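The values are calculated or read from the model by the stated rules, or taken from the named source; none is laboratory data. Source: prediction; values computed, not measured. Quick reminder, even Gly has a Cβ in these numbers, built from the backbone with ideal geometry, and neighbours come from all protein chains shown.
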Amino acid sequence: MKIAFLTPEYPHVLTGNSGGIGTSIKNLAVGLVAAGCEVRVLVYGQDQDAVFKDENVVIQQIKNIKIKGLSWFFTRKKIERIINQLYKNNQVDLVEAPDWTGITSFISPKKCPIVIRLNGSDTYFCNLDHRKVKWKNKFHEKRALQKADALLSVSQFTADQTNAVFGLNKKFTIIPNSIDVSAFNQNKDNVVITNTVLYFGSLIRKKGLLELPFIFNELVALNPTVQLVIVGKDVPDIISGAASTREMMQELFTPEALLRVNYVGAVPYTTIQQHINAATVCVFPSFAEALPVSWIEAMALRKPIVASNIGWASDVIDDDINGFLVYPKEHSLYAAKINSILENAALQQKLGLAAREKAIAKFSIAVVAKQSMDFYKTVIQ
């Protein structure tokens, strides 16, 4: 089986910075190759047209066509020609693309099937974040979904919300994101810093970062020696126009709580594990996700999690079994759940072990690659 992924990002030094979509694609690509598939990743928006290999995955860089006002159309047609040629040369059987900004809206290969996997479109996230979506993004995203030969979603919640926001009634097959569980494994040398709470990810409103100070204020009142470690890139706040979400957060902590906060900033992805390993508990008070890889990474490292209880969350965490789920604005309850973990070593171990078991059983690369291959076969046949 020969699978291609069309994407605006991929985590490699030659292709530039990558977020969650690129990481998810790489994890799945590695799993598919291990299962005997040939995988090619078509990365558009690059500064050159080039082809190279990364861990037995063929990476094809695609330079966008620049024509004022029409770049979006001619770039899509360039990608369409590339797909047609790859299919004609028997180099791909199927192309999978993300829903974000609807890149396949005007891509109509002669024979090659197009699959869209929902990781959360701009329209989806704007709806969850109560923001106005750009009309052109909504137009392209809806058209891409309508034209696709088959549809996947990383969670049932994302599928249901996508149908609702676009006024569609499409059938989605649910296959979650994956991680290399073997690469996220505690060793005997790991040192956990007691009474430490970790948030890692972008500092952005939709991930509940403006609720986190209020939660931590309540937590410090219960547990005056607790430490909050924040790891991630500071970004502007879209709604208020503020240049720094971190600066907005600073104003929301009590003076006592602020003394207990350690902002590490952005770190290389390769070092994030050491921060997770050092934490007692991880927190994710998010309002807008599709199926967050960061949660799965923490679970794989046996970390108890207190996360948002919105929609997608129950696709990842079973409340009171491998973590706790709380609405982010219920600050006192959220803090109480965190503190119940901090004060109970047996509960830390119980939730952490159950979390890793769930990560292995549902989110490991091998499991998700097998599910994806079974799905691809139904599309290709």
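Given the structure, is K88 surrounded by fewer than 19 Cβ atoms within 10 Å (Cβ to Cβ), over 17 Å from K2 (Cβ atoms) and at pLDDT 95 or above?
Criteria not met by K88.
Which of the strands (runs of 3 or more DSSP E) found entirely inside segment 1-65 contain at least 3 residues meeting this: β-branched (V, I, T) and at pLDDT 95 or above?
38-46, 57-63
Restricting to segment 1-51, name every residue that is β-branched (V, I, T) and under 20 Å from F375 (Cα atoms).
Hits for segment 1-51 are I3, T7, I21, I25, V30, V33, V39, V41.
Any idea which of Y263, Y199 is over 16 Å from the mean Cα position of the chain (by Cα), modelled with pLDDT of 95 or more and outside the structural domain of H12 (by TED's automatic domain parsing)?
Of Y263, Y199, the one residue that is over 16 Å from the mean Cα position of the chain (by Cα), modelled with pLDDT of 95 or more and outside the structural domain of H12 (by TED's automatic domain parsing) is Y263.
With the condition kept exactly as written, say whether any residue in segment 173-191 is more than 28 Å from T270 (Cα to Cα) and modelled with pLDDT of 95 or more.
yes
All but one of (1) over 19 Å from I193 (Cα atoms); (2) assigned to a strand (DSSP E or B) hold for L333; which doesn't?
All conditions are met except number (2).
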